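The values are calculated or read from the model by the stated rules, or taken from the named source; none is laboratory data. Predicted model only: the values in this text are computed from it and were never measured. Cβ placement follows ideal geometry from the backbone for every residue including glycine, while neighbour counts extend to all protein chains displayed.
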Amino acid sequence: MSIRNRFAVLVLAAFAVTAACGGGEKQETQAPPPPAGTAASPAAGAPPAAGNEMISGKVTYDGVVPPPEKVKLSADPKCVELNKDGLEKQPIKVTDGGLANVLVYVKNGPAGSYPVPTEPAVIDQQGCNYTPHVVAMQAGQPLKIKNSDDTLHNIHPRPTVNAEFNIGQPRKGMETTKTFDKKEVMFPVGCDVHPWMRAYISVLDHPFYAVTEADGTFEIKGLPAGEYEVEAYHEKLKAQTQKVTVKAGEPAKADFAFKG
Amino acid sequence: MTVPPAAVFSPWRHRLAAFTAACTLLLIFIGGLVTSTGSGLAVPDWPLSYGMLMPPMVGGVFYEHGHRMAATFVGLLTTILAVWTARSEARAGVRRLAWAALLTVIAQGLLGGLTVKFLLPTPVSVAHACLAQSFFCLVIALAYATSREFIGGGGAVAPDDDRAGVRAAAALATGVVFAQLAAGAVMRHMGAGLAIPDFPLAAGRLIPPFDNAGVAVHFAHRVGALLVLAAVARLLVRAGRSRDPRLSRTSSVALVLVMAQIVLGAATVLSGRAVVPTTAHVAVGAAVLGTCWLVTLRAFRLRRRPEPLASAARRIGVAVTP
């Protein structure tokens, strides 16, 4: 074989190897979501004590609310078309004093292993923005990622404990399902095509969590009576923690007050 | 004794090499834009883009896929240059240089693919940045080797002119600049570009507290800038002593570029890494390297003019009978 032919074979082999390797994920492929109708436990262990109690409350914000930032959408004409009134970013969203998009969760859940929901958590790309802004789910629960926009997006979560990935959804209607296996709170997910897009995902190892509504209220249900450490975490204002005592037959109250 | 084959000046092949070098500098700027705009992963697959040859050029895709298109163009130019050189260049060394350039640009493309496939691991991103500079130097060498100046024998200096000194100074300046570019790449790809957020002081002091690796790398890059300035200034002085006007002119250009580069570095920090000054800083860094490298190539091509007989005789203490 002549030197030129050997060289050509070497170059083609190098391309083939590089195209075949990698895959857009930093670790091995994650376990597929459990089939519908089954409930797989993340680890062997005694089932948790049954609970019917609730922690409810309101997360408030007292301080100067930074004005919303108008997003420049001109990088993608489709995004301009989908947002005729424009698009604004406002991480600190306050309505009647209540702070939205705060993850509230029990830091020390009751001992035991919890069945993983088979119903997927959902995050959608709509109007070149993520809906919802904060997603909370259980470890091992499927996350359905949808593209409802007639433009391309890439979905690039940046966890530090779970496996990072970066996938493309070039067409409207595409859906991809992924899972995160480890507990990790409030890691960002973004789109490198549209850099203003930002949401947060939290993965818990139990079902005792909630994300505050627009008015700052939340409810965490299904807890047995006991002493709990409850944390409220906002993407900009960070965390506050308090001890909450849940008594049988009495809904517990936990309010959080962030200051700016 | 074997007589080496005579080089024949091919103006169009030389122009192609020079054009490829210019396009490479532009490609380095375009590549810098990808990182500056955070678009490195806007296209999650490789070698296709969203499964297409030509995706919609929106948002970050415009920068990332645009970079791939520019890289493909430079790869094509390099392929044409390598094949043309192989078929028509008499000098074996120049033919090998052209093949080396082609292999390097292919390796650079593969590194680019790896950065996407493995989600921008810092070592691969840094290697991609450094190999770009190496490829740029290879293409400049090809352009110089095919130039009328090189084939005509290069510049000539008087016997007592400082040929060795300018060669050493040029090689040192080029090495210092390359090391500074590598340090800049490490700083950029580990996200330490604003690890020291003020300028010219560092966290309000001459020497900042080294709280983390990012601060150390960033400060090393600032110290490196002063070393580059000193090395290039020394090169200009030595070029003056060689009394070759081309060397002096090229060294002057290098010094002006270094000063512009320092201003751009300050602008990068003070603007909070705004896209334009940051990317210009990347491109001018490459231009500094290319210019110092060209001075080095020219310096090593310098010939000594034959010494007049009377001068030689005086030097060795021999009487010459007219």
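Find the residue count for region A:58-76, including only residues that are surrounded by fewer than 19 Cβ atoms within 10 Å (Cβ to Cβ) and over 22 Å from A:LEU237 (Cα atoms).
So the count comes out to 2.
Looking only at residues that are aromatic (Phe, Trp, Tyr) and at the interface with chain A (Cβ under 10 Å from one of its Cβ atoms) in region B:23-70, which one is farthest from the chain's Cα centre (by Cα)?
Within region B:23-70, the first condition is being aromatic (Phe, Trp, Tyr), and the residues that meet it are B:29, B:46, B:50, B:62-63.
Now restrict to residues that are at the interface with chain A (Cβ under 10 Å from one of its Cβ atoms): B:46, B:50, B:62-63.
Numbers: B:TRP46: 27, B:TYR50: 33, B:PHE62: 26, B:TYR63: 22 Å.
Ranking the qualifying residues of region B:23-70, first place goes to B:TYR50.
Can you tell me which residue within region A:129-186, out of those that are within 14 Å of chain B (Cβ to nearest Cβ), acidic (Asp, Glu) and in contact with a strand residue (DSSP E or B) (Cβ under 7 Å, 6 or more places away or on another chain), is farthest from A:GLY109 (Cα to Cα)? Please lay out each step first, then the result.
So the first thing to find is which residues in region A:129-186 are within 14 Å of chain B (Cβ to nearest Cβ), and the list is A:129, A:145, A:147, A:149-160, A:162-172, A:174, A:176, A:178.
Imposing the further condition that a residue be acidic (Asp, Glu) reduces the set to A:149-150, A:164.
Among the residues that remain, those that are also in contact with a strand residue (DSSP E or B) (Cβ under 7 Å, 6 or more places away or on another chain) are: A:149, A:164.
Numbers: A:ASP149: 38, A:GLU164: 26 Å.
Of everything passing the filter in region A:129-186, A:ASP149 is farthest from A:GLY109 (Cα to Cα).
On the basis of being among the charged types (D, E, K, R), closer than 25 Å to B:GLY152 by Cβ and either in contact (Cβ under 8 Å) with a residue 24 or more places away in the chain or part of a helix (DSSP H, G or I) (or both), does B:ARG68 make the cut? So that I can check it myself, show each step before the final result.
Numbers: among the charged types (D, E, K, R): yes; closer than 25 Å to B:GLY152 by Cβ: no; either in contact (Cβ under 8 Å) with a residue 24 or more places away in the chain or part of a helix (DSSP H, G or I) (or both): yes.
No; evaluated as a whole, the condition is false for this residue.
Starting from region A:116-128, keep only residues that are crowded, with 21+ Cβ neighbours inside 10 Å, then list their pairs with residues that are among the acidic types (Asp, Glu) whose Cβ atoms are within a distance under 9 Å, requiring at least 6 positions of separation or different chains.
A:GLN125/A:ASP149; A:CYS128/A:ASP76; A:CYS128/A:ASP149
Out of (1) at pLDDT 95 or above; (2) more than 25 Å from A:VAL122 (Cβ to Cβ), what's the single condition that is false for A:GLU231?
The failed condition is (2).
Can you give me the ranges of the helices (runs of 4 or more DSSP H) entirely in region B:91-174 with at least 3 residues that are at pLDDT 95 or above?
Values: elements: B:92-117, B:122-145, B:148-151.
Filter on region B:91-174 gives B:92-117, B:122-145.
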